[in-house]
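Right, one structure below, let's go through it.
Bear in mind these aren't lab numbers, they're just calculated from the coordinates by the rules spelled out. Just so you know, these numbers come straight off a predicted model, no measurement behind them.
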């Protein structure tokens with residue numbers, strides 16, 4: 001009888017230990033699994049949402065918007081905050097963030113906040129720049145080059161020379177002294193009279209004709225005008 005009683009107590013003790021172990025192990029496993037799932041599901045969307053807001057803010061920052069009407073710029077995201085200034089209709093502002101609660105930050109012409117629904121796209125946004133009109137104006141021809149070398153001659157005749165209106169014994173229009181310099185006409189012109197005298201047309205000091213001699217001798221060699 002004692003053996004049967006001892007055996008019964010042993011069986012009861014083993015059953016108690018087994019049930020106790022099961023009651024602790026099973027809840028521990030369930031709690032650990034639920035905690036891990038909840039942590040992953042709540043943290044991942046929050047991370048994606050913050051990244052999306054950051055990208056949106058970066059995409060709007062620096063963009064141009066225009067006022068639909070005369071609007072106020074406030075110091076905070078509230079119409080009861082301090083008014084910093086106004087923007088006239090079609091006046092342009094520069095966005096400083098992506099907006100929140102119906103308000104959006106601006107950095108120009110003032111730093112503050114305006115109501116987002118009072119803005120519209122700027123007129124010049126995404127509009128292609130017009131191509132400059134093709135110029136049909138012909139390019140001017142470069143001026144004809146005139147050589148300064150050999151355009152002048154010096155009077156060598158001791159008694160000087162007279163400047164005549166025509167290459168003959170016509171009207172006297174001026175006089176030259178020995179050593180005076182004359183500038184030859186351009187284009188060059190010279191003629192010989194019936195006596196074999198050579199006449200040369202000059203431009204300065206007075207336009208006309210002078211005799212260079214039979215055929216030369218009254219004038220020096222051609223030289224550069226100073």
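Using alpha carbons only, how many angstrom separate the centre of segment 86-109 from the centre of segment 194-223?
84 Å
Given a cut-off of under 8 Å on Cα pairs at least six residues apart, what relative contact order in percent is computed for segment 64-121?
Dividing the mean separation by the residue count of segment 64-121 yields 39 percent.
Dimensions of segment 64-121 along principal axes (Cα, Å, largest first)?
24, 21, 17
For a bin width of 5 Å, list the pair-distance distribution of segment 152-213 built from all Cα-Cα distances, rounded to whole %.
That works out to 4, 21, 33, 28, 13, 1, in percent per bin.
How far, in nm, would the chain grow between residue 63 and residue 173 when pulled straight, counting 0.36 nm per residue and subtracting the alpha carbon separation?
31.7 nm
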